[in-house]
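The values are calculated or read from the model by the stated rules, or taken from the named source; none is laboratory data. Note that this is a predicted model, so its numbers are computed, not measured. As a convention, Cβ positions derive from the backbone with ideal geometry for all residues, glycine included, and neighbour counts pool all protein chains shown. The protein model used for the area step is the full one, side chains on, heavy atoms only, and it has no ligands, DNA or RNA in it. Shrake-Rupley method; radii C 1.70, N 1.55, O 1.52, S 1.80 Å.
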Amino acid sequence: MRTATSQNRTPTLRDRRLRVAALAAAILMILSGQPASAVTRKQLDDAKKRYQEVQEELNRLVGQHSQQEQKLAETRGAISSTEADIKKAQSETVQLNDQLKERVRTAYQMGSVGFFHFLLQAENFDEFSYRVVLLERQSSTDEELMLKLRRQRSTLSKKKAALRSQERARSQDVRALRDRGAEVNRLLARQEAVLSGLKAKEREEVARAAAASRVRSFTNASGGGGIIPGRVSRGGGGGGRSISLSACPAGGPRSFTNDWGAPRGGGRRRHKGNDIFASNGSPALAVVSGTISRTSSGGNGGLAIYLRGDDGNEYYYAHMSSFSASQGQRVGAGQRIAGVGNTGNARGGAAHIHFEIHPGGGGPINPYPSLIKVC
């Protein structure tokens, strides 16, 4: 009995000693500042690193997309100019042809006898000389007319060749822009997945840290360790008037450039906002508290929503995929009001928000200086 009792008690004592040793090690670890979950922290750091790597690649692609879009606009502008030149050259060619036909008809009607008859009708030598000079001038005019017609036809031929080359370039630009858009969409989807995994790891780390009385948050957008969806700056563009915004228009991973003033519509107009690229269907957020003044569909903007801010300014979101708020509805800063999309003249391209700021409801200003502070 004693032997059995001793055997039953021995494991219990061993367990107690192990627990005491483990507790002591944990206390020493906490006091020494060592992480209680080193493996999880490393995984978290690796996830953050992957997020930043994807974001940098996304920023690069968005910059290329913006440049490709500008190149396409310039090519379309060149095509429009060449088409106008061709139309003018064709009109001038028709006029020259008509003039030449009239001269040929006149010469045929006069015939060789007619020319001599015209000279012999002169009443004196001075008139005869005048008529000779007149015929010479007419002959010279006819020759000049033929030369002009040849030059005009040559110009017309060159313009048409240039147009064919420009149209080929436009086709290449369209394909390149579509490819860039597909790459942007692919990377945005990848970034969404990375961010989802990162948030899960952060929640796990916070839970583990809380168990060790070392609660830390890695998702605080204003704190040091958090991941903030990134952006890319092009052309300096941080200067200019800035409006105080409370939230970024795009709620998920995003990237944008300072593409204010870039050519659009073949160079016939300029870009009056910034394009913020984000995943299709991801949240478009109210940048300030206010009221949805109206929504619209169709035209270049596709599904568009207008936010009249409590600050007196109007904010315009275009190319949405859906609406989450309706006209007259009060919304708070950071509230979802629509889904990011590619409707309107963005159809077929990368999903994005065309975002504009209209101070006091007037003309638009470059939103970039305002966006870089909240996005």
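One residue stands out in the stretch 278-288 among those that are open to solvent by less than 10 Å² (accessible area, probe 1.4 Å) and in a strand (DSSP E or B): the one that is modelled with the lowest pLDDT, namely A278.
Could you please find all residues in the stretch 290-313 being touching a Ser or Thr at 6+ places or on another chain (Cβ under 9 Å), surrounded by fewer than 20 Cβ atoms within 10 Å (Cβ to Cβ) and either among the charged types (D, E, K, R) or within 16 Å of L371 (Cα to Cα) (or both)? Scanning the stretch 290-313 gives R308, D310, D311.
Of the residues G348, G334, G328, the single one that is modelled with pLDDT under 95, open to solvent by 30 Å² or more (accessible area, probe 1.4 Å) and either out of contact with any Leu (no Cβ under 6 Å at 6 or more places or on another chain) or not aromatic (F, W, Y) (or both) is G348. Residues in the stretch 360-373 include none that are buried (at least 16 other Cβ atoms within 10 Å of the Cβ), on the phi > 0 side of the Ramachandran plot and in a strand (DSSP E or B).
Would you check if there is a residue in the stretch 308-321 being within 27 Å of A176 (Cβ to Cβ) and either among the aliphatic types (A, V, I, L, M) or modelled with pLDDT under 95 (or both)? Yes, there is a match, as at least one residue in the stretch 308-321 is within 27 Å of A176 (Cβ to Cβ) and either among the aliphatic types (A, V, I, L, M) or modelled with pLDDT under 95 (or both).
The set of residues in the stretch 140-164 that are at pLDDT below 65 and open to solvent by 70 Å² or more (accessible area, probe 1.4 Å) contains only T141.
Among residues of the stretch 56-78 that are closer than 17 Å to G261 by Cβ, those with a Cβ under 6 angstrom from a residue that is acidic (D, E), sequence gap 6+ or separate chain, pair up as S66/D259; K71/D173; L72/D173. Within the stretch 193-212, is even one residue at pLDDT below 80, open to solvent by 60 Å² or more (accessible area, probe 1.4 Å) and of a type in the set (D, E)? Yes: one or more hits.
When Q109 is tested against the conditions (1) modelled with pLDDT under 85; (2) surrounded by 11 or more Cβ atoms within 10 Å (Cβ to Cβ), the lone failure is (2). Hey, can you tell me all the residues within the stretch 45-80 that are open to solvent by 60 Å² or more (accessible area, probe 1.4 Å) and under 30 Å from L156 (Cα atoms)? Matches in the stretch 45-80: K71, E74, R76.
A quick yes/no check of all residues on (1) assigned to a loop (DSSP other than H, G, I, E, B); (2) touching a residue at least 40 places away in the same chain (Cβ under 8 Å); (3) in contact with a Lys or Arg (Cβ under 6 Å, 6 or more places away or on another chain):
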site	(1), (2), (3)
I276	no, yes, yes
S293	no, no, yes
N300	yes, yes, no
A304	no, yes, no
